[in-house]
Amino acid sequence: MKKPLNNINSRLRILFVLLFICLITSCSSIKLIRSNKNPKFNLFKPKKILVVGVTPDYEARKTFEFKVITQLNARKINALQSAVVFESSFKNKEQTEKEIELEIDKLLQNNYDTVLVSLVKGIDENELFEGESSKTDYHLRRFALYYLTHQNAYFNEENRTKYKVYNIETTIYNLKKDSDKSLVWQGTFDLVDPNSNTKAIETYVKKLIKTLEKEKIIPKKFSKN
């Protein structure tokens, strides 16, 4: 004997809510929104990269930069953190264009040819209504029943789950001054707000590295075998 359709809908709704709660609390989700590579750098192979995480949270910045350089080092690319390269006088106050150019000169003198910069560009406030799906209930094909079922999306605040989505942008620049176009690649990502910075950083770095591999900016990780 078949189970009543409303029981199936109820179970599907509970499963959906549980999956979504997992998504926004512990199982961090990230999506690549845009990836643009400068065609003039199709054969670009960075040799020494400075990794810069732009955030006032020093611990988060240090953790992000360390995880990125660890992945780059594992691919035989020399990389260092801005947290240990930049002097405090440069990190702790806004710089003029001339001061930034002087810092670039110092990096070039130390054989840096590339900079990777990552920052949060914005935060979106989203909410999800935990209602029934009309895809699983053929009785809701009529407008009257559909509206009757879903009208509490407007009136009932208790069925809404609020969450944040972080818009992250990472850009890679070539530092060589003889290049007329220094932008190598830029990508934007949406990261669903997790419970911890550590989880968010791990999720983002993993996605970032995979994207850079796909764009052939960095090689895949060398096998130990």
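Some notes on this structure:
- Shown in residue order for segment 196-212 are the 3J(HN,Hα) couplings computed by the Karplus curve 6.51 cos²θ - 1.76 cosθ + 1.60 at θ = phi - 60°: 10, 5, 4, 5, 4, 5, 4, 5, 5, 4, 4, 5, 4, 5, 4, 5, 5 Hz (x for Gly and Pro).
- Order of exposure, largest accessible area first, which applies to Thr188, Thr198, Thr171 with probe 1.4 Å: Thr198, Thr188, Thr171
- Taken along the Cα-to-beta-carbon direction at a fixed 7 Å, the label points for Thr198 and Ala74 span 1.7 nm.
- Peptide ranges 33-40, 162-169 listed from the most packed, as the mean C-beta count within 10 angstrom indicates: 162-169, 33-40
The values are calculated or read from the model by the stated rules, or taken from the named source; none is laboratory data. No experiment lies behind these values; they were computed from the predicted model shown. Note that we place each Cβ from the backbone using ideal geometry, even for glycine, and neighbour counts take in every protein chain shown. The protein model used for the area step is the full one, side chains on, heavy atoms only, and it has no ligands, DNA or RNA in it. Shrake-Rupley method; radii C 1.70, N 1.55, O 1.52, S 1.80 Å.
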